[in-house]
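One structure is given below, encoded as structure tokens.
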Amino acid sequence: MRYLLVANVYEQIENTTKRLEMTDYLVELFKKTPKNLIDKVVYLTQGKLYPDFMGIEIGMAEKLAIRAVARAAGRRIQEIENNLRETGDLGETAQKFLEKKLQVTFFQQPLTVERVYQTLDKIAKASGSGSIDQKISLLAGILSDAEPKEAKYIIRTLTGKLRLGIADMTVLDALAIAYGGGKEARPILERAYNVSSDLGQVAKIVAESGIEGLEDFKVSIGKPIRPMLAERLSSPEEILEKLGGKCIAEYKYDGERVQAHKNGEKVFLFSRRLENITNQFPDAAELVREYIKPKSAIIEAECVSVDLETGEMRPFQELMHRRRKHEIRQAIEEYPVSLFVFDVLYVDGKDLTLEPYPVRHEVLKEIVDITDRVQIAKYLVTDDPQELETFFEEAIENGCEGLVCKSIGEDSVYQAGSRGWLWIKYKRDYKSEMTDAVDLTVVGAFHGRGKRAGTYGALLLAAYNPEEDTFETVCKCGSGFTDEDLEKIPKMMEPHRIQHKHARVKSKLEADIWFEPKVVLEVIGAEITLSPVHTCGTGAIREGSGLAIRFPRFTGRYRPDKSAEDSTTVKEIIEMYQSQLKRVGN
Ligand code: ATP
């Protein structure tokens, strides 16, 4: 197949803004394409060589491409650069210089799509020493045989500037018309695309076997399924009504979404945008290998930064350390992650995407070998708005963003690639940022785990209520302590240890160790939130709820100068909550 045919269609598409016309041009192109080449032509029209999840970048630096154009056109680099400054588009510059050359050359070997694709592929994969020269020669080679118009599009493709604006859905429409018997076939093609993320593969199947070839299309390991997304509502009543009166509400963990594909010892992790992120999370891959029981499975989980000693979740920002390649090893140590699994889409050859959620959830419970670091997303089945609200507060306080409430109806399939009402997220409209540190009284402690075995994992801290002369708990704090602090604090607290909760302490939590209120520490947190667990200011903002400090951290300052009664008061915490309330977007 001549590449010129493809280049001509690109030109037509560039000259229209109408989607219907664009589709018509694509249909013509697809019809003229031999079936064994259709996948490659589809990738090329999107400026790619492979589906995105393969992670093979087509990009070539403009500087190198300039050298290849100069060589193919028999011009000096300087001339090409000068012209590029005028046009701003190396594709156009290449076209111009090759037109001039054409007038003096006689023989050219017509370019085929196969040759262009193979050459671009070699350029994309060339690496190591000598690869720069190799890339330039390869490109100069095809440019020498290219018609000027072909050169324009080859250059644009290679430098990542093709930008024809063809949406995935337009390609699916065109395939439906060209090979599927008409536009009505689109949903079948769309589903195949949504569960494979591979337009080329879908094109090839429909071209070779017709729409019947796609009717039984199944998910497969190694090809990411396009993620199901949630709509949003802002009250428990609305959510329950929309979901038919009852739902499974789950913590909305604040980490990074991963879709894990396990095949024996092999594990791939894909991000929400379907990039292969296995290298960023080798520890998470290991967790999947070890604790997802079936031999092969596809699951979805939120990967969250956690404190292994206290089991507390850490803020989302800490995962950003995973983005810098050279720091991965260190990041694994310093910012360990846990997985909270929330869906299962495939198990040992069985595609579960069309099963209703309650069925998938049952399977999920069977296949996860639960440990500290791999858990099923915390959930509650409820039809009660009040219960939902309390669960929401608890989620926020524990470091989550809110809840994802999921349909349990018969039609609650996994809607790959779409944002719909089967999942509804419930996040806060308001946020109360904490800018000042507070001084809190230590009223209890919890045993530590891991490296903190033998010392405290976290302290239970309280604010003072002078009206009632009580200490009301406001957070469990396990962060910010140095090794020195961890050694010092148990010794410091020992004289104040008592057998049961102190009479002036109001706490719904059962601490492992109780203290009389004496010692004061300075703590800062990310914000103050409503809490079903802590007693500070109960009922002041909402009936039945207290206030808590989210992501609390010891500042390192002991306050021996303060007595327990000099601690920050409950009233001050309430005021901080009210004065710092800010509206948040999305
Ligand atoms: P957001 O920024 O709110 O996460 P989003 O567009 O990335 O928005 P949505 O579909 O709107 O995604 O919200 C669901 C997201 O919440 C998922 O992409 C996932 O990363 C995350 N999440 C955390 N916990 C769960 C859970 N239990 N079930 C589903 N998604 C969850």
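The values are calculated or read from the model by the stated rules, or taken from the named source; none is laboratory data. Just so it is clear, the structure is predicted and the values come from calculations on it, not from any experiment. Note: ideal-geometry Cβ built from the backbone for every residue, glycine included; neighbour counts use all protein chains shown. Areas reflect the complete protein model, heavy atoms only, side chains present, ligands, DNA and RNA absent. Shrake-Rupley method; radii C 1.70, N 1.55, O 1.52, S 1.80 Å.
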- [ ] Mind listing the long-range amide H neighbours of E355? Cut-off is under 5 Å, sequence gap 5 or more, other chains count too, H placed in the peptide plane at 1.01 Å from N.
- [x] Y414
Task: Anchor K48: lysines whose Cα lies under 18 Å away (excluding residues fewer than 8 positions away in-chain) - done: K40, K122, K125, K135, K152, K161, K204, K223
- [ ] State the extension gain, in nm to one decimal, for the chain segment bounded by T482 and E468, taking 0.36 nm per residue of separation less the distance between their alpha-carbons.
- [x] 1.6 nm
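Can you classify region 229-427 as rounded, prolate or oblate using the Cα gyration tensor, where a ≥ b ≥ c are the square roots of its eigenvalues, rounded means a/c under 1.5, and otherwise it's prolate if a/b beats b/c and oblate if not?
Taking the square roots of the gyration eigenvalues as a ≥ b ≥ c, region 229-427 is oblate.
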- [ ] Using only Cα atoms, find the angle between the long axis of helix 168-179 and the longest principal axis of the chain, and express it within 0 to 90 degrees, rounded to the nearest 10.
- [x] 50
Open item on the list: Using only Cα atoms and rounding to the nearest 10 degrees, what angle (0 to 90) does helix 19-32 make with the longest principal axis of the chain?
Closed with: 60
Task: Whole-Hz couplings from phi, Karplus 6.51/-1.76/1.60, listed for region 344-359; x for Gly and Pro - done: 9, 10, 6, 9, 6, x, 9, 7, 9, 4, 9, 7, x, 4, x, 5
- [ ] Among DSSP beta bridges lying fully in region 390-502, give the percent that are antiparallel, nearest 5.
- [x] 100
Task: Average silhouette area of the chain, convex hull of alpha-carbon atoms, in square nanometres - done: 32.5
Open item on the list: Cut-off under 26 Å on the C-alpha distance; same-chain residues fewer than 8 positions from K562 excluded. Which lysines are left, in chain and number order?
Closed with: K476, K488, K491, K501, K506, K508, K518, K571
Task: Bins of 5 Å, starting at 0 and running to the largest distance - Cα pair percent for region 417-514 - done: 3, 10, 18, 18, 14, 11, 8, 6, 5, 3, 2, 1
TODO: Give the Rg/Rh ratio for region 438-583, taking Rg as the radius of gyration of the Cα atoms and Rh as the Kirkwood radius, to two decimals.
DONE: 0.95
Task: Surface accessible to a 1.4 Å probe, per residue, for the residues of the chain, Å² - done: 45
Open item on the list: Taking loop as defined by DSSP and a crowding limit of 14 other beta carbons within 10 Å, which GluC sites (Glu not before Pro) in region 395-464 fit?
Closed with: E410
Open item on the list: If I model a spin label as a point 7 Å beyond the Cα along the Cα-Cβ vector, how far apart are those points for R75 and S563 in nm?
Closed with: 8.8
TODO: Could you tell me whether region 74-146 comes out rounded, prolate or oblate from its Cα gyration tensor? Rule is a ≥ b ≥ c as square roots of the eigenvalues, rounded for a/c under 1.5, then prolate if a/b exceeds b/c, otherwise oblate.
DONE: oblate
Open item on the list: Going by amide H atoms built from the backbone, whose H comes under 5 Å of the H on D254, apart from near neighbours?
Closed with: E401
Open item on the list: Quick one: the Cα spread of region 3-158 along its three principal axes, in angstroms, biggest first?
Closed with: 42, 36, 30
Task: Amide H contacts of V474 (H built 1.01 Å from N, under 5 Å, at least 5 apart or other chain) - done: L461, A462, A463
- [ ] Whole Å is fine, so just give me how far the alpha carbon centre of region 524-575 lies from that of region 335-368.
- [x] 38
Task: Carbon/sulfur fraction of accessible area - the chain, other protein chains in place, 1.4 Å, % - done: 47
Task: Relative contact order, percent, the chain [alpha-carbon distance under 8 Å, six or more residues apart] - done: 12
Open item on the list: Give me a comma-separated list of calculated 3J(HN,Hα) values for region 204-215, in order, Karplus coefficients 6.51, -1.76, 1.60 applied at θ = phi - 60°, integers in Hz, x for any Gly or Pro.
Closed with: 5, 5, 5, 5, 7, 10, x, 5, 4, x, 9, 4
Task: Cα lying deepest toward the dipole's positive end in the chain, options T390, Y3, Q330, charges on Cβ - done: Y3
Open item on the list: Shape verdict for region 333-458, please, from the Cα gyration tensor: rounded (a/c under 1.5), prolate (a/b greater than b/c) or oblate.
Closed with: oblate
Task: Whole-angstrom gap from region 84-149 to region 472-492, using each part's C-alpha centre - done: 65
- [ ] Specify the inter-centroid distance of region 161-219 and region 407-470, based on alpha-carbon positions, in whole Å.
- [x] 44
TODO: Enumerate the calculated ³J(HN,Hα) couplings along region 451-458 in order (Karplus 6.51 cos²θ - 1.76 cosθ + 1.60, θ = phi - 60°), each rounded to whole Hz, writing x wherever the residue is Gly or Pro.
DONE: 5, 9, 4, x, 10, 7, x, 7
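In the calculated pair distance distribution of region 436-481, what percentage of Cα-Cα distances lie above 17 Å? Kindly include the intermediate steps, with their values, before the conclusion.
Details: 392 of 1035 pairs.
Within region 436-481, distances greater than 17 Å cover 38 percent of Cα pairs.
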